[in-house]
Amino acid sequence: MNEQNAANEGREMLTVAEVAALSQHPPQTVTRWIREGRLPARRYGRKWLIRRSDWDEFDRQAAAAFSPQAQDLTLNIGQQL
């Protein structure tokens, strides 16, 4: 765990920049997830803030979607069509 992740561990709210660092995606991608409704967030002035619990759930679902088991399921469904 790097220093930024350790500093964010106890925080309740995260900024777009912090989520971008945690996800290893650019801030524009995080903002797009918010605009699309995929990642819940609240706007305070010009900043978006994401609840840590919402980020954890989003990250968990993303990891599950790209797991080897999910890939096998996709292949099996495609073979049945």
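The values are calculated or read from the model by the stated rules, or taken from the named source; none is laboratory data. Only a predicted model underlies this, so the values are computations on that prediction, with no experimental measurement involved. Counting neighbours? That spans all protein chains shown, and the Cβs are built from the backbone with ideal geometry, glycine included. Only protein heavy atoms, including side chains, enter the accessible area calculation; ligands, DNA and RNA are left aside. Shrake-Rupley method; radii C 1.70, N 1.55, O 1.52, S 1.80 Å.
Separation between the Ala17 and Arg51 pseudo-spin-labels, each 7 Å from Cα along Cα→Cβ, expressed in nm?
2.5
Between Arg38 and Ala63, with labels modelled 7 Å along Cα→Cβ, what's the label distance in nm to one decimal, could you check?
Inter-label distance under the simple model: 1.8 nm.
How much accessible surface does Thr31 have with a 1.4 Å probe, in Å² rounded to 10?
Near enough 40 Å² of accessible area.
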